[in-house]
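Chemist: One structure coming up, written as structure tokens, with questions to follow.
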Amino acid sequence: MEFLRNKTILLLISFLFVGIASIRPASVTRSDWPSYSNDPGAMRYANLNQINRTNVSSLTPAWIFHTTVMNPSTSFESQPIVVNNTMYVTSPHGHVFALDPSSGALKWTFNPDIPPLSDLAVCCGQTNRGVAVGDGKVFVGQLDASLVALDANSGKVLWKVKVDDYHRHWTETMAPLFVNGKVIIGASGGEFQLRGHVSAYDSATGKLVWRFYTVPGPGQKGNDTWAGNSWRRGGATVWTTPAVDPHLGLLYITTSNAAPDLNGSARAGNNLFTASVVALDVNTGAYKWHFQEVHHDLWDYDATQPVHLFTATKNGQQVPALAHANKNGNYFILDRRDGTPIFDVTETKVPTDPDWQHPSPTQPMPATDPLIPQSVETPVLGVTPADFWTPPQEQTLLIQPGFESGPEYAPSAFSPRTKYAYINAGGYDPWTIRSSPTLFNSLGSSGNGNIKGVQGFGLLDAVDTTTGKIVWKIQTPEKLVSAVTVAGDLVFFGEGNGTFNAVDAKSGTKLWSFKSTEPGVGGANGNSAAYVVNGREFIVMGFGGNARERGDGATSPVGDALIAFSLPTSNNEPAVVTASPKQVDTGAIPPSNLIPPATSAPPGATVVTLNTHDLIFKPNRFTVKAGQKVAVHILNSGDSDMNFAVQLPNGTFGLKSEVKAGTDAFFVFTAPSRPGEFKFFNPDSPVRFFGKDGTIHVTS
């Protein structure tokens, strides 16, 4: 009976998100935001009207919640979930906070039990994207690649399972999905040449129900698109939340890039199911169909932004549609029953040199408008610009879209009222790329997005899904990496500089902006939600910034604030609530152990020269005598900034600031007084988890 009841509810929800959702509501006393993108089809649309075009300019903070979990490596990307008069939100380290959604008052806190973060292969910022709620439980993934079920009323741990082994460099950052008594979750780790998968766990027991490998093995469909045994480490990880059509019984996942990232020399073939949308049977995990957006990906063009489902019109017929924005700026609209394009997709000839990359001779180009520029608009002195789809090679090239130029993790939105999709498209952000068959790092590449002389910008695009054309766009000073939410006739989105905006859904006219200089209120790079409690509508947003963006030189201040906005009442002072969770051990080098880089070696020191490029040090082993003063001369001839640290018996010591690309610096330390083997490494690079730590051999 429980299964039938859940299925009936989901069928009703499915009917709502494809049909009745466009009806403007009467007075609403309560409206939840029950899952990652609100509805099963991930439209991120709330059918609300209390906050509207005429009064949104009066929007003001109603309450502010501080997680107190933040550092330069954190990204606050959690999606607030509102169910049964409780809001659930996570910290970047996986704490779960249960709040009163009308006041921000704290009900309970879950403190994660995980190893020090320095022991975990967290690639691109410490983050957690939220929870799933169902069956009286709250489900949260942890950075140690585990999945935990909590009692929704108390936060008590009910069960915990290992999704994969963090010792093998797996992590967990995505928000799970609850459907049909199952918890759906993927895992992160493609940077370390792992084989991607998505799994379903029984919500009552934590028992594995099914697992689908996104890189097919021998005898499975698509294995012949991988040369030799390259499928064993092919990537295609699933690290963003899927969507589901309960009526069709289909789950829609999106997959990441192939691995190694920009080096295709050992993985000839189209490399299914990387950079793809894949439809699975939600109850069994069985493959149903796929659509690959990038063949033999050589550019880190993940297909990771979640899809959104809606009803499209084709030849006068209503068609169940799925749309998805790729990181390269292409936007595909498909029939979600079988993956057939609703708007034509043409296999287009593309550059195919160098041949050692085994590039695909064609790539799929949709008839819909591109979301971002797909060529270098302004040349950069000393760097050769390359055409779209040019394979990485030994020569450093400037390419747009680059690694991180287009739509990424943050979900876009769709409005049944306008039939527009609202896509946080990233923007204009060219990157340099380079690769060779022998590149020695986990990515098989070298890339840099912080290029002098490049004036980038961000884009929010409104695409008319009836025509495939962009009807309006908003340009921002820097690329957009926050989620988009539609509430009635309003579209909400944030910027890394801390600005949170509301625009008219039909015209794109900006109607309201908020920016705070209060402590703890960082970049508006999080996920927003719209809900109603006791007849009062709220818009909630996370202001914590994005580590990846600030690492590339963008404006994205660190913060820990979750702010709920509403129309003003008689008391306009927002309640401020500050949590006191047990902080996770980051394993970071203590500030007292950070040493300023020297410009020369001190007298009497033994000088050891290390060349660094492509995120590694050469040589990766050197010998010194016990008790000797050592000056490590770091020559950075690569494209990326590098840090340096040593692990000694009395602690770990590192540089206080990075060695910039094209410069050099000295790191001075005293060798241990006893012989032994000790490590040196780049503490800022995930590549160190790929077995690339260096060794200091200390002799007597």
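The values are calculated or read from the model by the stated rules, or taken from the named source; none is laboratory data. Remember, it's a predicted structure, so these values are computed and weren't measured experimentally. Because the Cβ atoms are built from the backbone with ideal geometry, glycine has one as well, and the counts that use them run over all protein chains shown.
Chemist: Return yes or no: is Ser412 of a type in the set (Gly, Ala, Ser), closer than 22 Å to Asn263 by Cβ and crowded, with 18+ Cβ neighbours inside 10 Å? I'd like the intermediate steps shown before the answer.
Modeler: Numbers: of a type in the set (Gly, Ala, Ser): yes; closer than 22 Å to Asn263 by Cβ: no; crowded, with 18+ Cβ neighbours inside 10 Å: yes.
For Ser412, the condition - of a type in the set (Gly, Ala, Ser), closer than 22 Å to Asn263 by Cβ and crowded, with 18+ Cβ neighbours inside 10 Å - is not met.
Chemist: Within the range 629-642, is even one residue touching a Lys or Arg at 6+ places or on another chain (Cβ under 8 Å), of a type in the set (A, V, I, L, M, F, W, C) and either assigned by TED's automatic domain parsing to the domain that holds Ser435 or over 30 Å from Pro437 (Cα atoms) (or both)? Spell out the reasoning first.
Modeler: Here is the first cut: in the range 629-642, the residues touching a Lys or Arg at 6+ places or on another chain (Cβ under 8 Å) are 636, 639, 641.
Pick out the ones that are also of a type in the set (A, V, I, L, M, F, W, C) and you get none.
Checked against the condition, which is being touching a Lys or Arg at 6+ places or on another chain (Cβ under 8 Å), of a type in the set (A, V, I, L, M, F, W, C) and either assigned by TED's automatic domain parsing to the domain that holds Ser435 or over 30 Å from Pro437 (Cα atoms) (or both), the range 629-642 yields no hits at all.
Chemist: Let me ask something else. Please go through the range 322-347 and pick out each residue that is surrounded by fewer than 24 Cβ atoms within 10 Å (Cβ to Cβ), in contact with a Ser or Thr (Cβ under 8 Å, 6 or more places away or on another chain) and touching a residue at least 60 places away in the same chain (Cβ under 8 Å).
Modeler: Answer for the range 322-347, where residues must be surrounded by fewer than 24 Cβ atoms within 10 Å (Cβ to Cβ), in contact with a Ser or Thr (Cβ under 8 Å, 6 or more places away or on another chain) and touching a residue at least 60 places away in the same chain (Cβ under 8 Å): just Phe343.
Chemist: Same structure again: Among the residues of the range 453-465, write down those that are at pLDDT below 95 and more than 25 Å from the chain's Cα centre (by Cα). Steps first, please.
Modeler: Taking the range 453-465 first, the residues at pLDDT below 95 are 453-456.
Within the range 453-465, Gly453 is the sole residue that qualifies.
Okay, residues lined up against (1) aromatic (Phe, Trp, Tyr); (2) within 30 Å of Pro115 (Cα to Cα):
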| residue | (1), (2) |
| --- | --- |
| Val484 | no, no |
| Phe492 | yes, no |
| Ala502 | no, no |
| Glu518 | no, no |
| Val533 | no, no |
| Arg550 | no, yes |
| Ser566 | no, no |
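Chemist: Conditions: (1) over 19 Å from Asn330 (Cβ atoms); (2) touching a Phe, Trp or Tyr at 6+ places or on another chain (Cβ under 8 Å); (3) outside any loop (DSSP other than H, G, I, E, B). Thr432 meets all but one. Number of the miss?
Modeler: (2)
Chemist: Looking at the range 596-633 only, could you name the residues that are assigned to a strand (DSSP E or B) and within 32 Å of the chain's Cα centre (by Cα)?
Modeler: Quick first cut of the range 596-633, residues assigned to a strand (DSSP E or B) only: 598, 606-613, 616-618, 621-625, 629-633.
Selection gives Asn611, Thr612, His613, Ile616, Phe617, Lys618.
Chemist: Could you say which residue among Leu648, Leu615 is without any contact (Cβ under 8 Å) to a residue 40 or more places away in the chain and among the aliphatic types (A, V, I, L, M)?
Modeler: Leu648
Chemist: Taking Val481 and the conditions (1) part of a strand (DSSP E or B); (2) touching a helix residue (DSSP H, G or I) at 6+ places or on another chain (Cβ under 7 Å); (3) of a type outside the set (Gly, Ala, Ser), which numbered condition does it fall short on, given that it satisfies the others?
Modeler: All conditions are met except number (1).
Chemist: Does Ser513 count as surrounded by fewer than 19 Cβ atoms within 10 Å (Cβ to Cβ), touching a strand residue (DSSP E or B) at 6+ places or on another chain (Cβ under 9 Å), within 16 Å of Pro61 (Cβ to Cβ) and at pLDDT 95 or above?
Modeler: Values: surrounded by fewer than 19 Cβ atoms within 10 Å (Cβ to Cβ): yes; touching a strand residue (DSSP E or B) at 6+ places or on another chain (Cβ under 9 Å): yes; within 16 Å of Pro61 (Cβ to Cβ): yes; at pLDDT 95 or above: yes.
For Ser513, the condition - surrounded by fewer than 19 Cβ atoms within 10 Å (Cβ to Cβ), touching a strand residue (DSSP E or B) at 6+ places or on another chain (Cβ under 9 Å), within 16 Å of Pro61 (Cβ to Cβ) and at pLDDT 95 or above - is met.
Chemist: Considering only residues of the range 210-244 that are in a strand (DSSP E or B) and touching a residue at least 40 places away in the same chain (Cβ under 8 Å), which is nearest to Asp297 (Cα to Cα)?
Modeler: For the range 210-244, the residue satisfying everything is Gly235.
Chemist: Taking the condition of being crowded, with 22+ Cβ neighbours inside 10 Å and hydroxyl-bearing (Ser, Thr, Tyr), how many residues in the range 392-409 meet it?
Modeler: 2
Chemist: Here's a follow-up. Does at least one position in the range 560-575 carry a residue that is assigned to a loop (DSSP other than H, G, I, E, B), in the same structural domain as Asn501 (by TED's automatic domain parsing), among the polar types (S, T, N, Q) and buried (at least 17 other Cβ atoms within 10 Å of the Cβ)?
Modeler: The initial filter retains those residues of the range 560-575 that are assigned to a loop (DSSP other than H, G, I, E, B), namely 560, 567-574.
With in the same structural domain as Asn501 (by TED's automatic domain parsing) added as a condition, the list becomes 560, 567-574.
Filter once more, so that each one left must be among the polar types (S, T, N, Q): 569-572.
Filter once more, so that each one left must be buried (at least 17 other Cβ atoms within 10 Å of the Cβ): none.
Within the range 560-575, none of the residues are assigned to a loop (DSSP other than H, G, I, E, B), in the same structural domain as Asn501 (by TED's automatic domain parsing), among the polar types (S, T, N, Q) and buried (at least 17 other Cβ atoms within 10 Å of the Cβ).
Chemist: Listed residues Val28, Val82, Val69; which is within 28 Å of Pro306 (Cα to Cα) and outside any strand (DSSP E or B)?
Modeler: Checking each option against the conditions leaves just Val69.
Chemist: Next question. Go through Pro61, Pro34 for me and flag whichever is farther than 29 Å from Ile184 by Cα, assigned by TED's automatic domain parsing to the domain that holds Asp504 and at pLDDT 95 or above. Steps first, answer last, please.
Modeler: On the way: Pro34 fails: farther than 29 Å from Ile184 by Cα.
Only one candidate qualifies: Pro61.
Chemist: While we're here: Return the residue satisfying two criteria in turn: it lies in the range 533-544 and is of a type in the set (A, V, I, L, M, F, W, C) and crowded, with 24+ Cβ neighbours inside 10 Å, and of such residues it is farthest from Ala561 (Cα to Cα).
Modeler: Of everything passing the filter in the range 533-544, Phe538 is farthest from Ala561 (Cα to Cα).
Chemist: Ok, one more. Output the residue which, of all residues in the range 88-122 that are among the hydrophobic types (A, V, I, L, M, F, W, C) and under 22 Å from the mean Cα position of the chain (by Cα), is surrounded by the fewest Cβ atoms within 10 Å (Cβ to Cβ).
Modeler: Residue satisfying both the conditions and the ranking: Ile114.
Chemist: Still on this structure: Looking at the range 130-148, which of the residues that are more than 20 Å from His197 (Cβ to Cβ) and within 23 Å of the chain's Cα centre (by Cα) is surrounded by the most Cβ atoms within 10 Å (Cβ to Cβ)?
Modeler: By that ranking, first place goes to Val131.
Chemist: Going residue by residue through the range 474-495, is there one that turns out to be of a type in the set (Phe, Trp, Tyr), buried (at least 17 other Cβ atoms within 10 Å of the Cβ), in the same structural domain as Asp335 (by TED's automatic domain parsing) and free of Cβ contacts under 8 Å to residues at least 60 places away in the same chain?
Modeler: yes
Chemist: Going through Gly269, Gly249 one at a time, which residue ends up being touching a helix residue (DSSP H, G or I) at 6+ places or on another chain (Cβ under 8 Å), small (Gly, Ala, Ser) and in contact (Cβ under 8 Å) with a residue 12 or more places away in the chain?
Modeler: Working: Gly249 fails: touching a helix residue (DSSP H, G or I) at 6+ places or on another chain (Cβ under 8 Å).
Testing whether each residue is touching a helix residue (DSSP H, G or I) at 6+ places or on another chain (Cβ under 8 Å), small (Gly, Ala, Ser) and in contact (Cβ under 8 Å) with a residue 12 or more places away in the chain leaves just Gly269.
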